[in-house]
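Laboratory data are not the source of any read-out in this text; all were calculated from the coordinates shown. These figures come from a predicted structure and were not determined experimentally. No Cβ is skipped: glycine too gets one built from the backbone with ideal geometry, and neighbour counts run over all protein chains shown.
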Amino acid sequence: MTRPIVCSIGTTDPWNAAGLGLDQRTLWECGARPVSVVTSVSAQDKRGLHAVAAVDPDLIFAQWQSLREAPVAAVRIGALTGAVTVEAIAAIVSRVTVPVVYDPVLRPTAGGSFADDATIDAIRTRLLEKVSICTPNLEEAERLTGIRVNSTDQMESAGRSLLSTGVRAVLVTGGHRVGDPVDVLVDGANVTTFSAPRIGLTMRGSGCVLAAALAAFLARQRPLRDAIEQARAYVRDKIGSAQSLGDMYLAR
């Protein structure tokens, strides 16, 4: 199999429990060849975010330019720290014609924050219009839209609000809801729900895995809904086989 190249853009995690390190493995296991652009370096663990430093935009552009000979088939964007970084990535993806999957990671699950109000504003006004599909969880959808998001109807409303920014599709993920998880895809006039029984543990980085897997399947030219189904199945397999390290579960 010839592996399509997928570029992962985002932040490092020392544990590779999220961010670029986890993307690399996910992309490979889903049939893609990963390349990457580092936008920030973080120090984080199960206790939260301890420090983060953004890469200078000139170095971000230089990393992207060094990939000019790579026939990138999809782009996956993760945590971006700072409005300047968001604007740099918006400038980069404005030049691509391949699917762009954006997982708007605004804070680590264990605590801390990647994005201040200026960063949120830049995401809404500069980046989303250049994105093929955005995959916020409930909290991220609330922060990006100002809409309380819990029920399926609220997830749809948040998705429609985000469509008004110019993003072409929104998958609001419901893994943090009580009961069985439901994801809601708002794609133009269409709304599709995806559901499955809950698996009884929580794995760090599940949102990163979903977005990276989705980028891989889109790079392999799967239709959007099929790619989402395949990405969801991959995530569920990872959660079901997650490795316990102390009191946290990481993708095996």
Pick from 178, 52, 37: which is most flexible by mean-square fluctuation in a GNM of the chain where alpha carbon atoms under 10 Å apart are linked?
178
Cα Rg, Dmax, region 1-90, angstrom units
13.3, 41
Given just the C-alpha atoms of region 134-252, how large is their convex hull per residue in cubic angstrom?
102
Along principal axes, largest first, the alpha-carbon spread of region 11-50 in whole Å comes out as 33, 19, 8
Can you give the convex hull volume of the alpha carbon atoms of the chain per residue, in Å³?
112
Residues 155, 203, sorted so that the one with the fewest Cβ neighbours within 10 Å comes first
203, 155
Over region 5-241, calculate the relative contact order: mean separation of alpha carbon pairs under 8 Å at least 6 apart, over the residue count, as a percent.
19
Distance between the C-alpha centers of region 113-155 and region 1-70? Whole Å please.
21
Taking amide hydrogens as modeled 1.01 Å from N in the peptide plane, which residues meet the under 5 Å criterion relative to residue 5, leaving out close sequence neighbours?
33, 73
